[in-house]
Structure formats: structure tokens, C-alpha cells
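Participant: Please find one structure pasted underneath; my questions will follow.
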Amino acid sequence: MSAGNLPRTEAHVLRGHEGAVLAARFNSNGEYSLSCGKDRTIRLWNPHRGLHIKTYKSHGREVRDVHVTLDNSKLCSCGGDRQVFYWDVATARVIRKFRGHDSEVNAVKFNEYASVVASAGYDRSVRAWDCRSHSTEPIQIIDTFSDSVMSICLTKTEIIAGSVDGTVRTFDIRIGREISDDLGQPVNCISLSNDGNCVLASCLDSTLRLLDRSTGELLQEYKGHTCKSFKMDCCLTNTDAHVTGGSEDGYIYFWDLVDANVVSSFRAHSSVVTSVSYHPKDDCMITASVDGTIRVWKA
């Protein structure tokens, strides 16, 4: 995929949130997207038609992250009220609230089978919750971090977490083993490459770092954007050919995965870009910002 195929044409602006949008995510097939923000709501959109479908309200504070199951039937969310919410998508009803974090919760993810939700928080812990049981207690607590945990990814057998303590830690759930890679800079977002071989970590020294998952080796660094004080997403495009992320000045950047050159950058928002999500199949992405908008970009 050449840089010419990268999305930079604005197709739609999704408005409705009051205040900063903190996360925007495509669902697994890219047909729909979810967003959440300072206004304590989660919103479901058809981004390709620019349509708002549904609003989910129950959080008492800002909503910081949201994730939907592969079959689109359930979603989980978290935020400033220290709770993890487990929702029914169709009815917008809260099925369960998981309580146990001692401080704000920064990130949530379902496992592949939608049986477990993992959450990460300011209380320096990652917690796993069983969606199938009626217990509201965590089934696992990982508290080996020395600072806030900002971001998590799940594979079939592992929980991967990035922390302000400068580490990316991988926990093998089957054998109870932990591997820690120290990046030396606060980590505010991590994401996996589509082939699962690499972890991309956004650090607060305005650098994205690409790590080999099996060895922990630093493969590449990506620079040019500004990331010093905000949690901002980063990800790879669906072909793993490019890395993309937002900037505190409202710009979006695309880097060549291999040589780390900036191949495209443009002003996407009038304020900090908090979130980027790349379509699983098409050359399309959504971005969210402190400016209160979500924007849909096509090639």
C-alpha cells in the first residue's frame, strides 16, 4: 500500500458528544464505531453514513474506554467512576458493574471469546472479570506495576499492558509468567500489529516504539508528532505497512513501518487527537479529539 492510498479525505464529522471525546473504536468488521468521552456517554455510530444510532448512559464520571465483542452483542466501558460496565448493545441496559479498582479505570478489553473483560487503572493494577458468572469480584489481579496502567491488549493466552512506569508487561495467563520490557519512558498507549508479532507503544517523550513481541527487541522508533501530557492512541494500518497516531497539535501522522519516515501528515482536528482507529479491511480511519468531534477519513 503506497502513501497515496492512506486516508486523508474527510468523509464525515460525527457530532453529539459534549466535551472531549476520549476514545473512538471501530467494531471488529468495521461497519460500526463506538465513542466515549467527558460527557459520561458512549455513542454508537454508522461512521460510513455519518449516522448516530444509540447513546449509552449510566456512568457517573467521564468514560475513558469502550470495547465491543466480536458478535457486537455486548460492550464494556470504564472511566472516572472506578467501575467497569458490561452492557447489552441492543437494549442499552447495564448487565453488570464490576467494582474493585481503587481509582479511575483507563482501559478495557474483552478476550476473544467475550467471556472475560480485562481492565487497567490508576491504582497500578490490571484486573480480569468473568462475564459469565454473577460475581462482581475480579478473577485475577495483576499488581506488579509501580505506576498507573494506561493501556491493555489481549491475545488468546496473554494480557499485555503499558504503564507510566515505563514498562510494557506481558502476562501469560496459562503458566502465570510475566515478561517486562522497560522502555525508559512513560507508556500511555499500546497496540498490537495485525500479525500479532509486534507491540507498538506510544510514550510521553513524543516517540512511538515498535517492539518484537517474542524477544522484546526495539525494532523502530517513530517521531515527528507531539505527545507529552495526553493519553493518545496509536495503531498500525490493516496491512501493517504503516504506523499511525495523533498529535497534541491536532495533526495525524503516518509513518512507514520499516524505515520510520513520515509519509503523510495533516491537520485533522482543532485540538489534541485522543484516538485513532483504523478500519480492519478498508483504507478508512476514524479519529477523535478534545475538540468534541469524531472524524471519518477515507483514501
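The values are calculated or read from the model by the stated rules, or taken from the named source; none is laboratory data. Keep in mind that this is a model prediction, so the values were computed, not measured. Backbone-built Cβ (ideal geometry, glycine too); neighbour counts: all protein chains shown. These accessible areas exclude ligands, DNA and RNA; they are computed on the full protein's heavy atoms, side chains included. Shrake-Rupley method; radii C 1.70, N 1.55, O 1.52, S 1.80 Å.
Participant: What number goes with the only condition from (1) farther than 20 Å from A23 by Cβ; (2) touching a residue at least 24 places away in the same chain (Cβ under 8 Å); (3) assigned to a loop (DSSP other than H, G, I, E, B) that Y113 does not pass?
Facilitator: (2)
Participant: Something else about it: Which condition does Y253 not pass, out of (1) more than 26 Å from I159 (Cβ to Cβ); (2) part of a loop (DSSP other than H, G, I, E, B); (3) open to solvent by 20 Å² or more (accessible area, probe 1.4 Å); (4) not acidic (D, E), if it passes all the others?
Facilitator: That leaves (2) as the condition not met.
Participant: If you don't mind, another one. Among the residues of segment 282-294 satisfying the criterion of being farther than 20 Å from R64 by Cβ and charged (D, E, K, R), which is least open to solvent (accessible area, probe 1.4 Å)?
Facilitator: D283
Participant: Can you tell me how many residues within segment 186-235 are in contact with a Cys (Cβ under 7 Å, 6 or more places away or on another chain) and without any contact (Cβ under 8 Å) to a residue 24 or more places away in the chain?
Facilitator: 3
Participant: Now for a separate question. For the structure I just gave you, tell me whether E31 is open to solvent by 50 Å² or more (accessible area, probe 1.4 Å), of a type outside the set (V, I, T) and touching a residue at least 40 places away in the same chain (Cβ under 8 Å).
Facilitator: Against the criterion (open to solvent by 50 Å² or more (accessible area, probe 1.4 Å), of a type outside the set (V, I, T) and touching a residue at least 40 places away in the same chain (Cβ under 8 Å)), E31 does not qualify.
Participant: Tell me, please, whether a residue that is open to solvent by less than 10 Å² (accessible area, probe 1.4 Å) and part of a strand (DSSP E or B) can be found in segment 2-11. First the steps, then the outcome.
Facilitator: In the first step, residues of segment 2-11 are kept if they are open to solvent by less than 10 Å² (accessible area, probe 1.4 Å); the result is 6-7.
Checking the rest, the ones that are also part of a strand (DSSP E or B) come to none.
So far as segment 2-11 goes, no, none of its residues is open to solvent by less than 10 Å² (accessible area, probe 1.4 Å) and part of a strand (DSSP E or B).
Participant: Please state which one of D130, D88, D71 is without any contact (Cβ under 8 Å) to a residue 60 or more places away in the chain, among the acidic types (D, E) and within 23 Å of A161 (Cβ to Cβ).
Facilitator: D130
Participant: Right, here's the next one. On the basis of being part of a strand (DSSP E or B), within 16 Å of W297 (Cβ to Cβ) and open to solvent by less than 30 Å² (accessible area, probe 1.4 Å), does I190 make the cut? Walk me through it before giving the result.
Facilitator: On the way: part of a strand (DSSP E or B): yes; within 16 Å of W297 (Cβ to Cβ): no; open to solvent by less than 30 Å² (accessible area, probe 1.4 Å): yes.
Here the answer is no, as I190 does not meet what is asked.
Participant: Next question, about the same structure. In segment 266-277, how many residues are open to solvent by 20 Å² or more (accessible area, probe 1.4 Å) and of a type in the set (S, T, Y)? Show your work before the answer.
Facilitator: Initially, segment 266-277 is screened for residues open to solvent by 20 Å² or more (accessible area, probe 1.4 Å), giving 267, 270-271.
Now drop any that are not of a type in the set (S, T, Y), which leaves 270-271.
Residues flagged as open to solvent by 20 Å² or more (accessible area, probe 1.4 Å) and of a type in the set (S, T, Y) within segment 266-277 amount to 2.
Participant: Can you name every residue in segment 202-239 that is closer than 22 Å to A299 by Cβ, among the polar types (S, T, N, Q) and open to solvent by 30 Å² or more (accessible area, probe 1.4 Å)?
Facilitator: N238, T239
Participant: Here is a follow-up. Which number in (1) open to solvent by 50 Å² or more (accessible area, probe 1.4 Å); (2) under 21 Å from R82 (Cβ atoms); (3) not acidic (D, E) marks the one condition that I159 misses?
Facilitator: Every condition holds for I159 apart from (1).
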